[in-house]
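Notes follow the structure.
The values are calculated or read from the model by the stated rules, or taken from the named source; none is laboratory data. Keep in mind that this is a model prediction, so the values were computed, not measured. Cβ placement follows ideal geometry from the backbone for every residue including glycine, while neighbour counts extend to all protein chains displayed. Accessible surface areas use protein heavy atoms only, side chains included; no ligands, DNA or RNA. Shrake-Rupley method; radii C 1.70, N 1.55, O 1.52, S 1.80 Å.
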Amino acid sequence: MAHLAVFGAGPALGLSAARRFGRAGYSVTLIARNPDRLEQMRAVLAADGVEADVQVADLADDPQVDVALKDLRAHHGIPDVVLYSPSGLDRLPVDALALDADTLRAWLPTNLTTPVRIMHALLPGMIERGSGAILVAQGSSVLHPRTMLASVSVPQSGLLNYLYSVDQQVRPRGVRVGSLLIGRLIETSAAEQAFDTRHFDSVDAGEFERVHPDALAQDLFEMATTDAEVAREA
């Protein structure tokens, strides 16, 4: 059975992706730091007939990520598709003028170094097998900067460059690497809730279009299963 691993699985995009790939016959591993939420998502997937297991890990903590990767390989081998999509909004982004070097370092793990860590752990097996896909969900501010999102978009811009570079090396070997650049508020997500409850006082939530996570999950499925572009705006 083909397998999908979702790092940073949440009840919006992560769950929708798990359902979409599950309909295509994939089993799923959900990896995130909130055990209660993981169990809730596993129950939803079970009701849909999708085989899923869960692993608890904080994606900003290297040892926890390493344990999750070890357990993933032990139970499922090298997954066929990996989605890196950190969920939640436990802190507000920092704007460009406030983003000093020390602050930036605190945003690097989730937005740059952890996905690189995951790719280095799993890509060799995909290359040896001759198939696989690693996809990252990012904000479109990596291409269209918004000053208020600098702490996220600055490291993610480096990650996007890295994805393009890696793709040049692995696509001829049957492995796909890609980024879904999301420029709309995802319905039911933590970000949508933050905007709607006025956590971003300087920004009117009405400035942003909304998108259902199922539509984005379909984009991810196409990127993983066809010879799609490296970066797709959604």
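Just so you know, the averaged projected area of the alpha carbon convex hull for segment 91-148 sits at 5.1 nm². Remark on segment 68-120: ratio of C-alpha radius of gyration to 2.2 N^0.38 Å is 1.49. Calculated on the Cα set of segment 1-87, radius of gyration then Dmax: 11.5, 33 Å. Close amide H contacts of Arg184 (hydrogens built in the peptide plane, cut-off under 5 Å, sequence separation of 5 or more or a different chain): none are found. Note on segment 92-165: with charges restricted to the Cβ of Lys and Arg (+1) and Asp and Glu (-1), its dipole about the Cα centre is near 180 debye. The alpha carbons of segment 27-164 stretch over 47, 36, 27 Å along the principal axes, in descending order. Rolling a 1.4 angstrom probe over the protein heavy atoms with all chains in place gives the chain an accessible area of 46 Å² per residue.
At q = 0.09, 0.10, 0.17 Å⁻¹, work out log10 I(q)/I(0) for the chain with the Debye formula, treating every Cα as an identical point scatterer and leaving solvent out; two decimals please. The Cα Debye sum returns log10 ratios of -0.34, -0.42, -1.32. Which residue, Pro213, Ala9, Val177, has the largest displacement toward the positive end of the dipole of the chain when charges sit on each Cβ (Lys, Arg +1; Asp, Glu -1)? So the residue we want is Val177.
Along its principal axes, segment 1-51 has C-alpha extents of 26, 20, 16 angstrom, given from the largest down. Only protein atoms count toward the accessible area here, which uses a 1.4 Å probe; on segment 36-111, the carbon and sulfur part of that area reaches 51 percent.
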